[in-house]
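Here is the structure we will look at.
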Ligand code: PMP
Ligand code: GLN
């Protein structure tokens with residue numbers, strides 16, 4: 001059974017990280033950055049931890065962070081937001097997703113999920129009583145398969161999950177694809193759960209556009225961001241969700257009973273993060289793009305076929321030439337044990353076990369780490 005849709009199983013991310021620690025390997029599997037957190041944010045968090053507040057912040061989040069989210073929506077996406085009624089602070093994007101499914105789905109509601117899909121979608125939709133309906137995108141272009149999407153819609157379809165930029169393939173949904181999806185929402189009366197955690201991690205001059213920027217989709221979108229990704233602090237677990245009051249209400253009620261609040265010192269620091277100047281966000285992109293080049297050339301030198309990566313901090317490579325077996329999980333296991341470098345099998349993002357040609361590496365690491373990984377892979381290959 002594929003772990004993506006098998007509730008209660010250890011995820012590939014967790015399993016590979018555990019094995020990497022056990023074997024002392026370089027972990028380019030689970031996506032987390034190394035030494036990229038902005039020092040000024042750490043200072044703000046430390047000061048806020050000294051000064052307080054230490055008690056339960058408001059259920060929706062501290063006003064300063066909700067205001068910062070509204071400002072960022074306007075600054076980066078041109079989206080006008082009422083911070084008091086349209087923003088919710090969550091325990092990471094993961095909780096924003098969970099609260100959205102728990103708050104919005106009725107038993108039997110169908111949710112279209114594009115594959116490759118981040119592993120929490122399917123499990124959480126099921127736990128919320130919904131039915132995930134996978135629609136697959138194919139490499140190397142990952143074009144939105146309009147016919148397949150239309151065919152997947154039924155009278156029970158309630159929502160669609162849109163992850164752009166997309167993990168693990170780095171796809172950025174273009175204007176035509178967004179317009180198609182906006183039309184679909186209107187025509188079939190659907191809501192869009194927009195997982196935009198990689199919104200700032202785009203390369204080669206490309207930019208992310210939120211589906212929420214389309215006027216006809218504004219009232220149907222739940223736009224989700226993550227401090228973990230935007231500020232390289234995945235362990236902080238601070239996320240934020242923007243939606244029209246009618247959608248935010250039920251999600252906030254789920255959040256109320258799920259986690260209720262988020263540590264206030266971290267909220268203060270993330271508010272400061274969202275207000276950092278353009279130099280920070282441009283610098284993050286430049287640094288990650290340099291790291292992407294570094295790892296891509298290392299992987300090519302080791303004989304891998306590297307797919308395009310317009311966004312996120314993941315590179316997918318085709319292992320057809322290297323893999324003796326048609327099994328990306330076995331390949332990653334062998335690679336980890338023999339070369340000392342951990343990667344993630346991309347089949348973990350698919351419901352069926354038939355996608356087995358690709359594996360994913362995270363490049364949000366120090367240059368030295370990537371150099372060492374590349375040299376291990378070259379020696380192995
Ligand atoms: N969505 C996607 C697509 C992700 O890759 C991740 C990464 N971990 C998350 C959501 C979860 O974000 P957070 O750590 O803020 O819960
Ligand atoms: N989003 C991270 C990734 O894609 C994984 C986070 C997790 O392990 N839950 O690597």
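The values are calculated or read from the model by the stated rules, or taken from the named source; none is laboratory data. Note that the structure is a prediction, hence the values are computed from the model and not measured. Positions of Cβ are generated from backbone atoms using ideal geometry, with glycine treated the same way; all protein chains shown enter the neighbour counts.
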- Query: Of all residues in the range 329-381 being away from ligand 1 (no atom under 16 Å from the Cβ), assigned to a helix (DSSP H, G or I) and under 19 Å from residue 122 (Cβ atoms), which is farthest from the chain's Cα centre (by Cα)?
  - Reply: 329
- Candidate set: the range 303-332, residues that are surrounded by fewer than 17 Cβ atoms within 10 Å (Cβ to Cβ) and free of Cβ contacts under 8 Å to residues at least 40 places away in the same chain; chosen: the one nearest to residue 225 (Cα to Cα): 305
- Query: Restricting attention to the range 161-175, and to residues there that are away from ligand 2 (no atom under 16 Å from the Cβ) and in a loop (DSSP other than H, G, I, E, B), which single residue is surrounded by the most Cβ atoms within 10 Å (Cβ to Cβ)?
  - Reply: 173
- Note on the structure: How many residues of the range 63-90 are touching a strand residue (DSSP E or B) at 6+ places or on another chain (Cβ under 7 Å) and within 20 Å of residue 260 (Cα to Cα)? The answer is 8
- Query: Considering 185, 137, 181, which residue is within 23 Å of residue 213 (Cβ to Cβ), within 16 Å of ligand 1 (Cβ to nearest atom) and either in contact with a helix residue (DSSP H, G or I) (Cβ under 6 Å, 6 or more places away or on another chain) or modelled with pLDDT of 95 or more (or both)?
  - Reply: 137
- Being more than 22 Å from the chain's Cα centre (by Cα) and surrounded by fewer than 22 Cβ atoms within 10 Å (Cβ to Cβ) narrows it down to one of 283, 298, 277, so name that one. 277
- Based on what the data block shows, is residue 248 in contact (Cβ under 8 Å) with a residue 40 or more places away in the chain and crowded, with 24+ Cβ neighbours inside 10 Å? no
- Does residue 153 meet the test of being touching a residue at least 40 places away in the same chain (Cβ under 8 Å) and within 22 Å of the chain's Cα centre (by Cα)? no
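Does residue 199 satisfy the criteria of being under 18 Å from the mean Cα position of the chain (by Cα) and either surrounded by fewer than 24 Cβ atoms within 10 Å (Cβ to Cβ) or under 23 Å from residue 117 (Cα atoms) (or both)?
So residue 199 fits the description; yes.
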- Query: Where residues in the range 334-353 are away from ligand 2 (no atom under 16 Å from the Cβ) and in contact (Cβ under 8 Å) with a residue 40 or more places away in the chain, which of them is surrounded by the most Cβ atoms within 10 Å (Cβ to Cβ)?
  - Reply: 335
